[in-house]
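**Student:** Structure incoming, see below.
FYI, it's all coordinate maths here, none of it is from the lab. Computed from a predicted model, the values in this text were never measured in an experiment. Backbone-built Cβ (ideal geometry, glycine too); neighbour counts: all protein chains shown.
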Amino acid sequence: TAAIQAALDALPALGGVVFMPPGVYRVSQTIVINKPGVTFQGSGSNVIYNGSTMLRWVGASGGTVIKVTSGTYRQERSILEKFTIEGTGADIGIALNPDGNFQVETVLENINIHRAAIGIAIGPASGDNQTSEIVLRKIYTMNTYTAVLLRGIFTNVMTLYACVWLSIAVTKGN
């Protein structure tokens, strides 16, 4: 976790690319993406275990594997792609804009999320925020209670392309 977070933190203020070659990465603390223009990229075209990038949650029960937040910036054009999250024990696989700040154009593509209680949570647990242009393309969730949870949000555009939810539901909370 420390090496991945250090690579993200070392990116310039307006972002850049963090690439993870094939392999299994043990994640013990939440990976935080809090700069605009970040591409967080794994490896593998079909993102099914063999020859791909896997982030395996080994942290405390109830944690979040990846959090994309605007921090002190207006978050724009974040791309997360080509990896698997093995989220056994995690509450959330990917949390988008959990702090309720302004976030624009987030793309999640070619991602598998397994065994997290919630695959993708969008928005803060309470209150309103502005989250615009969320694109989910080729997202596969398995063994999650909720594939996508929309929480207290104002979303202008949310686009789903070829997503497979082997979970209970796409739900709107609070």
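**Student:** Counting only other residues whose beta carbon sits under 14 Å from that of residue 87, what net charge do I get with K and R as +1, D and E as -1?
**Tutor:** For residues surrounding residue 87, the net value is +2.
**Student:** Oh, and also: Kindly state, to the nearest 0.05, the FRET efficiency for residue 61 paired with residue 14, given R0 = 30 Å and r defined as their beta-carbon distance. Don't skip to the end; give the middle numbers.
**Tutor:** Working: r = 36 Å, r/R0 = 1.19.
The calculated FRET efficiency here is 0.25.
**Student:** Packing-wise, with mean Cβ within 10 Å as the measure, how do 134-146, 26-38, 5-17, 107-119 rank, highest first?
**Tutor:** Output ranking for 134-146, 26-38, 5-17, 107-119: 107-119, 134-146, 26-38, 5-17.
**Student:** Further question on the same structure: Quick one: which of 81-87, 56-62 comes out on top by average Cβ neighbours within 10 Å, and what's the full order, highest first? Mind showing how you got there, number by number?
**Tutor:** On the way: 81-87: 23.3, 56-62: 15.3.
Highest-to-lowest ranking by the protection proxy: 81-87, 56-62.
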